[in-house]
1. How would you rank A:31-43, B:28-40, B:98-110, B:138-150, highest first, on the average number of other Cβ atoms within 10 Å across their residues?
2. Kirkwood hydrodynamic radius (Cα pairs, Å) of region A:1-145?
3. How compact and how long is region A:282-400, expressed as Rg and Dmax of its alpha-carbon atoms in Å?
4. Please give the helix A:250-271 orientation as an angle from the longest Cα principal axis of chain A, in degrees from 0 to 90, rounded to the nearest 10.
5. Quick check: convex hull over the Cα atoms of chain A, volume per residue in Å³, rounded to an integer?
6. Does region A:1-83 come out rounded, prolate or oblate by the C-alpha gyration tensor, with a ≥ b ≥ c the root eigenvalues, rounded set by a/c under 1.5 and, if not, prolate when a/b is larger than b/c and oblate if not?
7. Over all residues in B:23-33, what is the mean tally of Cβ atoms on other chains that come within 10 Å of each residue's Cβ?
8. How many nm is it between the label spots at residue A:327 and residue A:343, if each spot is 7 Å from the Cα in line with the beta carbon?
Ligand SMILES: [Fe+2]
Ligand SMILES: [Fe+2]
Ligand SMILES: [Fe+2]
Ligand SMILES: [Fe+2]
Ligand SMILES: [Fe+2]
Ligand SMILES: [Fe+2]
């Protein structure tokens, strides 16, 4: 089915405002809802947060008061959408449970994007990053069992395996080695632009989440782990945001943001198993179509260009939350020992990497290793969910 | 390496909050087990759930709530809310206890209770336990942990399947007896160590 969002009209902007009753959404069941429903909620929250933050940055760089007012008007709706989406998360979930869902998002979203990405350089960036969030999931799952006596499989439900990826202490690279080369906005596939924006937004939300919830923990080991992984999410945002061509104008970027929101709400509407949540995706899609229309008007007027030149003529294949177990196992077997040097990837630990490692990990173990030691002391084993057999690499003795 | 590494036993004894939070996890695990089994396995899992709930809530009522009540401003109100939730859950549990675990009404009732118990446990963690860690000195927290452990030791590890009976009977039946027994053990431990 072809769907060209540029040609569709949605709900008129002046009819998008919701009252308190409409914003008071019923949360999903913390234990019995589809894990991928929670993943879609977390993803769309990240997308809406980016919509809000981008619009604020745009407004701060904008001279034209009329444009500022238009941005404010749409942004208020984005802010309501963010509330309606994120408030679907249940209040009884612990922060650690939500965290585990965040890493499940990072794993299955990034793996899917890596599979679908047409550009080999961009594909490599996603393949590289996903092995790190995969290991974060493993570390947080072990912390979860220590603190709450619960198993992460009750959250990820066998859809995503929980086992070592690239060892977390090795994610601490020199910041200059986190900057990649951008795609070329004139030549790249429009799908690549959507991928970069999506993964960047998800990682940015993860970074913001960890930096804010980390200190709400009382347990010293939990506080430390959130610091460590929070800093790695900072690296991930740097990594993914640098893929975006900085030559795109503000108007063009606004169009991409709104187009991407249409793409994702449409995708999630197509696959949503929860009827009530599906209705929210559908409602928001119909709002975004009008945001896109507004952004296109602005681009035509202020950029003198036709938005159809920079976006796809129809929505790409739906972005899907589904298991990526075999794909991840192949990546673990092939790419576990990669690190970055400049804008590329190498297998040897180079001097700048070693120096950074020494500065951070040289005086006692990283919190992510301390978690594993403590877990080992408590349970005499580590916690894993391996539904597809033995671990594909033997590089798992890192913390021994 | 920091100096905080401990054996599990030492960690539990040092920190009543960590101990109770892990029991909250164990309670949820047992709810899962009851839901996922049938027949005798479900009956057995449900007995263990009843036992753990009895021990856990009694220990809180005898040890933790009285201490928290006078520990901080507003402690009275926080504890009163928790006690009301516990009373409500106790009644729901007694009703379930009087049912055949394979009867059609059992699972919906169990799911309902599960939600109530989870909300209650999170409220304890956020509004009551956080204050304990913030204000109580380590020796006191260790003494409380010891009393909770004493409660845990009272209940038999593998109780007999419940004898079916009238609902009125069951309300004062095995569950209440278990709570009484736990209460005695906790009081004894508190008298000795508290
Ligand atoms: Fe939006
Ligand atoms: Fe991560
Ligand atoms: Fe990440
Ligand atoms: Fe939007
Ligand atoms: Fe309680
Ligand atoms: Fe409790």
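1. Working: A:31-43: 22.5, B:28-40: 16.1, B:98-110: 14.2, B:138-150: 18.8.
Result, highest mean Cβ count within 10 Å first: A:31-43, B:138-150, B:28-40, B:98-110.
2. Every distinct Cα pair counted, the radius reaches 17.9 Å.
3. Radius of gyration, then largest Cα-Cα span, for region A:282-400: 23.7, 66 Å.
4. Relative to chain A, helix A:250-271 is tipped by roughly 70 degrees.
5. Details: hull volume 57.5 nm³, N = 400.
Spelled out: Cα convex hull of chain A, divided by residues, is 144 Å³.
6. Details: a/c = 1.86, a/b = 1.64, b/c = 1.13.
Since a/c reaches 1.5 and a/b is larger than b/c, the shape of region A:1-83 is classed as prolate.
7. Working: counts 1, 4, 9, 3, 1, 6, 4, 0, 1, 4, 0.
Partner-chain Cβ atoms within 10 Å, mean over residues of B:23-33: 3.
8. So the label points at residue A:327 and residue A:343 sit 2.5 nm apart.
All of the numbers you see were taken from the coordinates with simple rules; none came from a lab. Predicted, not measured: the structure shown is a model, and the values here were computed from it. Glycine gets a Cβ as well: all are built from the backbone with ideal geometry, and neighbour counts include every protein chain shown.
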